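A short reminder: the numbers here are calculations on the coordinates, not readings from a lab. In this text, all values refer to a predicted model and were calculated from it rather than measured experimentally. Backbone-built Cβ (ideal geometry, glycine too); neighbour counts: all protein chains shown.
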Amino acid sequence: MIWLLAIGIGTVTAAGVFLSLSRELLRCVVGVSLLAAAANLIVFSSGHPEAGPKPPVVPVGLEQLVDAAAPLPQALVLTAIVIGFSLTCFSLVVVLAIAQQSKSNDNRALRDAEPRPGPDGKPALESLATEDQI
Amino acid sequence: MSALIVACMLIPLATALAAALLGTRPAAQRGLSFVGVGLFFATAVALLVTVLRHDVIRVTMGGWPAPFGIELVADPLAAGMVLITATMGLATLVFQLGDADPSPEAPTLLPLVHAMLAAVTGSFLTGDLFNLYVWLELMLVASLGLLAYRTGRDHLEATLKYFVLNALGTLLALAGIAYLHAATGHLGFGALAAAAREGDPTRLAPFIVMVALAFAVKSGAFPLFAWLPASYHTLPAPLLALFAGLLTKVGVYALLRLLGGIFPATPGFVFEALAWVAAATMLFGVLGAAYHWDVRRILAFHIISQIGYMLLGIALDSAAGREGTVFYIVHHIVVKANLFFVAALIFRYTGSYDLRRSGGLFATRPALAAIFAVPALSLVGIPPLSGFWAKLLVVRETLVQGRWVLAAIALVVGFLTFYSMAKIWIGAFWKNHPDPAWQPHTDSRLGPGYVVTAALALVTLTIGLAPEQCLKFAALAAENLGEVK
């Protein structure tokens, strides 16, 4: 069980890193959400699920859980899943809006947030780009 | 007593919700925001006074004893940081009353500001690693909302760049926290510290490094700071000041807690690596600023450079170094936010953030020039302003430990900071405006802007001229850091 989880987490992480390094925005965002899935699986596995499928109930007369996975990480992972899912949705909307506005899905086209170098090598004077802020 | 600590988190959260419900009535929303932030500020003052008079306040949620329930801890450092957070929230709201670089009206703006204040407060007050992760995520969500509420191309681009790098940071934190939980069975700071004291200290090192790396992303350390200069300048100036003052400092605070408080026995190579990361952060931040002409971009790069000093204080791994970091954080939040507020006033008067298009303010607005001089010189570290003491504490400890190269880098970066501040001074104040017919606006409402910048400059002056109280606080905070029960 634990080996299966470990290999699975490794594969998902590798896929996530590969995709998030992509120049295509959609792949990049999907990569981040895969990495979120990998992180969630790590949280899940921190409860030692190799102990088996016994329900996490403390037997009568004992003070501690015996031979069962800790239930706490499963509660934690729910929180992380919800946050990760909402962020994935948000980032997909942002990517969609960027693609619609700039007609491009390539992050090399994303140059609006940085000043372009002018003819003298210094940042170009923006031609009244601040107009919308007044 | 325990109600105070809960109130500090609940008030901004409740204000965020109530402000969201009042989205269709901007005037009511604004009024409610002031009430909320005012209450928050009062509670934060009460919290700090109580903690300093009595002792550290601990509350365990759910009524379970400490290692099982989630702990909230208000030690002097946390309480002090909460007070600064509330001050920044108040400053931002007052500044928004004027029309210097006004944020376009949006019903989601103020709720998101309150949510961010709540998230920052939560991350200062929590005593539990997973809880810290949740607050960091809430901070990310609120700041993404604030970055993306205007949907121009540059705003969306900034949002995406900010999102990808910060999300990777929080995911790394989550994975690291999970590993720490798997290795020790605990998430609370105190229980983790106790677990780390037993057994081999190198056992937990890989996981501590993972979490530390994640916090380094959050604080904008070299080489993971790309998200900061790519996104900050697209914000309207009042929000920019809030971001610049608080967000990166949460990362530094978390790092200070992690390496200074919970795992002080982390193997030395981690601290050694952090010291060189800090040096690189200082240098690359200040060099990045040298290229730019936009005031906001210059100042954004200087955030990174100053983060380097704070990280250096942590990396020195001594009580004096941590004391320097605490003092530096307090000084830096006030100074940096103030510089961005002044930048907004410069923009309002001269019509541009680009220094090549502005000028003439020294002759026409000498009061603003005087206000700018205080935080600018303090950022450089000119005595007797607050930045001098902050730099003194960090650099002195560097010299005491015989780390000459690090001290030299810190001092050289100070000179380069002076270069940038002089550039802003010459560009916006000293030289004549490129347009001979230019006159500063007289019809703008800048009273609130002047009040805020002058008040923050006064805080900087006070810390600079009478540093004993702040030094005492920094020493107390650094000392209590190690005593995680």
Check: Going by alpha carbons, how many degrees (0 to 90, nearest 10) lie between the helix axis of A:25-45 and the longest principal axis of chain A?
Finding: 20 degrees
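From the cross-link list B:Lys336/B:Lys423; B:Lys249/B:Lys431; B:Lys423/B:Lys472; A:Lys103/B:Lys336; B:Lys161/B:Lys431; A:Lys103/B:Lys218, which pairs have alpha carbons spaced over 27 Å apart?
Numbers: B:Lys336/B:Lys423 17 Å; B:Lys249/B:Lys431 34 Å; B:Lys423/B:Lys472 35 Å; A:Lys103/B:Lys336 37 Å; B:Lys161/B:Lys431 36 Å; A:Lys103/B:Lys218 31 Å.
Check vs 27 Å cut-off fails for B:Lys249/B:Lys431; B:Lys423/B:Lys472; A:Lys103/B:Lys336; B:Lys161/B:Lys431; A:Lys103/B:Lys218.
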Next item on the list: Enter the angle in degrees (range 0 to 90, nearest 10) between the Cα long axis of helix B:366-380 and the first principal axis of the Cα atoms of chain B, meaning the one along which they spread out most.
Entry: 30 degrees
Check: What FRET efficiency comes out for the pair A:Leu65/A:Leu4, r = Cβ-Cβ distance, R0 = 22 Å, nearest 0.05?
Finding: 0.45
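Given 0.36 nm per residue, what is the gain on full extension from B:Ala280 to B:Thr108 after removing their alpha carbon distance, in nm?
Residue separation times 0.36 nm, minus the Cα-Cα distance, leaves 58.1 nm.
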Next item on the list: Could you tell me whether the range B:245-304 comes out rounded, prolate or oblate from its Cα gyration tensor? Rule is a ≥ b ≥ c as square roots of the eigenvalues, rounded for a/c under 1.5, then prolate if a/b exceeds b/c, otherwise oblate.
Entry: oblate
Notebook entry, point to check: By how many degrees, between 0 and 90 and to the nearest 10, does the Cα long axis of helix B:109-125 differ from the longest principal axis of chain B?
Noted result: 40 degrees
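If you count, for each residue, the other Cβ atoms within 10 Å and average over each peptide, how do B:161-172, B:190-201, B:73-84 line up from highest to lowest? Numbers along the way, then the final one.
Working: B:161-172: 23.0, B:190-201: 16.8, B:73-84: 25.9.
With the highest mean Cβ count within 10 Å placed first, the list reads B:73-84, B:161-172, B:190-201.
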Item checked: Lys/Arg +1, Asp/Glu -1 at C-beta; the protein assembly as shown dipole; positive extreme among B:Gly98, B:Ala28, B:Ala78 -> B:Gly98
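Take peptides B:278-289, B:296-307 and line them up by average Cβ neighbours within 10 Å, highest first, as a rough protection proxy.
Values: B:278-289: 22.5, B:296-307: 25.9.
Highest mean packing first, the order is B:296-307, B:278-289.
Pop out the Kirkwood hydrodynamic radius of the range B:2-481 from its pairwise C-alpha distances, inverse of mean 1/r, in Å to one decimal.
On the way: mean 1/r = 0.0448 Å⁻¹.
Final number for the Kirkwood radius of the range B:2-481 is 22.3 Å.
Estimate the FRET efficiency between B:Phe68 and B:Phe34 by the formula 1/(1 + (r/R0)^6), using the beta-carbon distance for r and 56 Å for R0, to the nearest 0.05.
Details: r = 39 Å, r/R0 = 0.70.
With R0 = 56 Å, the Cβ-Cβ based efficiency is 0.90.
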Margin query: Run the simple label-point estimate for B:Asp443 and A:Leu92 please: 7 Å along Cα→C-beta, distance reported in nm.
Written below: 4.8 nm
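Please give me the summed charge of the neighbours of B:Phe372: other residues whose Cβ is under 14 Å from its Cβ, Lys and Arg +1, Asp and Glu -1. Don't jump to the answer; show the numbers that get you there.
Working: positive: B:Lys336, B:Arg348, B:Arg365, B:Lys423; negative: none.
My count for the surroundings of B:Phe372 gives +4.
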Notebook entry, point to check: Under 12 Å Cα-Cα from B:Lys391, which aspartates and glutamates qualify once same-chain neighbours fewer than 8 residues away are excluded?
Noted result: B:Glu323
Checklist line | Shielding score for A:17-26, defined as the mean number of other chain Cβ atoms within 10 Å | finding: 1
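Counting only other chains, and only Cβ atoms inside 10 Å, what mean value do you get across the residues of A:82-88? List each step's numbers first, then the result.
Numbers: counts 1, 9, 5, 0, 2, 9, 1.
Taking all residues of A:82-88 together, the mean is 4.
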Item checked: Rg and Dmax [Cα atoms of the range A:11-109; Å; Rg one decimal, Dmax integer] -> 19.1, 67
Item checked: Protection proxy ranking of A:115-125, B:314-324, A:59-69, B:148-158 - average other beta-carbon atoms within 10 Å, highest first -> B:314-324, B:148-158, A:115-125, A:59-69
Check: Efficiency by 1/(1 + (r/R0)^6): what FRET value for A:Arg116 and A:His48, r their Cβ-Cβ distance, R0 = 45 Å, to the nearest 0.05?
Finding: 0.25
